[in-house]
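Take a look at the structure set out below.
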Amino acid sequence: MDNHKQLWARSKFSTTSKCDYVTNNIVETFNGWIREEKSLPVLDLMDKIRQLIMERFCTRRQLASKLSGFKVLPHVMKELHNKSRNLKYTIHRSGPMVGEVGGVNKDLVPWRFIVDLEKKECTCRGWQLTGLPCVHAIAYIGTRRVELKDFVDPYYSVEMFKAAYATVVAPMPGKEEWEKVDIGFTLLPPKCNRAAGRPRKRRLVGAEEDGSSNRGREGVKGVVDLATSRKPAMKLS
């Protein structure tokens with residue numbers, strides 16, 4: 001708020017979440033996941049979400065059973081090995097596990113960071129934020145006789161993956177077999193006037209998502225389709 005209200009730097013945020021980006025992708029993904037079910041009544045919607053989660057947990061548990069022998073998730077190690085290629089940095093050791101890693105950027109401006117393998121920290125804060133060794137730490141780890149996987153946060157471990165999906169979502173019978181419960185009162189639906197026409201299913205697109213131009217193109221397309229669909233008038237002889 002003191003520097004720029006619209007430009008945020010992930011490096012200034014908490015290191016607890018172990019994530020290097022700030023987006024609403026999970027919201028968009030969930031919205032697309034239940035796109036066909038969003039118009040259902042509340043009970044049917046919640047039951048469908050339960051079924052989707054039940055199937056997802058089952059699939060992830062089956063995947064986790066195939067990861068025996070791995071300490072860190074394979075796709076995480078693949079990403080780290082890709083980052084370790086062609087790292088041409090200068091390294092100066094202060095101790096067995098602490099040192100300086102330096103280089104120059106694309107504008108030939110020199111830079112230098114301190115890497116501490118014991119604390120799993122780098123002054124660029126990339127390691128602390130993501131839980132994954134940054135390129136500076138990877139370069140320093142490459143000079144030591146140690147394993148790269150030993151410096152990855154437990155968040156990315158196979159054991160953590162298994163623990164995340166260990167819970168089994170129990171199946172449920174149909175609504176006709178649910179137990180009838182007397183809650184002591186009658187809950188009536190709210191009074192509302194339904195708008196004319198078919199209910200909207202697609203969400204409103206914000207202006208920051210180029211929504212205005214999309215609406216404009218859709219409007220023009222609708223006029224063109226309407227005009228081309230009209231039959232020509234009959235000529236009277």
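The values are calculated or read from the model by the stated rules, or taken from the named source; none is laboratory data. Since the model is a prediction, treat every value here as computed from it, not as a measurement. Note: ideal-geometry Cβ built from the backbone for every residue, glycine included; neighbour counts use all protein chains shown.
Selection of first residues in region 39-56 that are over 15 Å from Pro173 (Cα atoms) and of second residues that are modelled with pLDDT under 90 and basic (Lys, Arg), restricted to Cβ pairs under 8 Å at least 6 apart or on distinct chains, gives the following pairs, ordered by first then second residue: Ser39/Lys201; Leu45/Lys38.
Evaluating Thr143 against the criteria (1) under 30 Å from Val101 (Cβ atoms); (2) polar (S, T, N, Q); (3) modelled with pLDDT under 80 leaves one unmet condition, (3). Applying the criterion of at least 1 residues that are of a type in the set (Ser, Thr, Tyr) to the helices (runs of 4 or more DSSP H) found wholly in region 62-156 leaves 126-130, 135-141.
Here Asn31 meets each of (1) part of a helix (DSSP H, G or I); (2) surrounded by 13 or more Cβ atoms within 10 Å (Cβ to Cβ) with one exception, condition (2).
All conditions in (1) in contact with a His (Cβ under 7 Å, 6 or more places away or on another chain); (2) assigned to a loop (DSSP other than H, G, I, E, B) hold for Val181, with the sole exception of (1). For region 12-28, does any single residue satisfy the condition of being among the hydrophobic types (A, V, I, L, M, F, W, C), surrounded by 10 or more Cβ atoms within 10 Å (Cβ to Cβ), free of Cβ contacts under 8 Å to residues at least 12 places away in the same chain and more than 28 Å from Arg145 (Cβ to Cβ)? No, the conditions are met nowhere in region 12-28.
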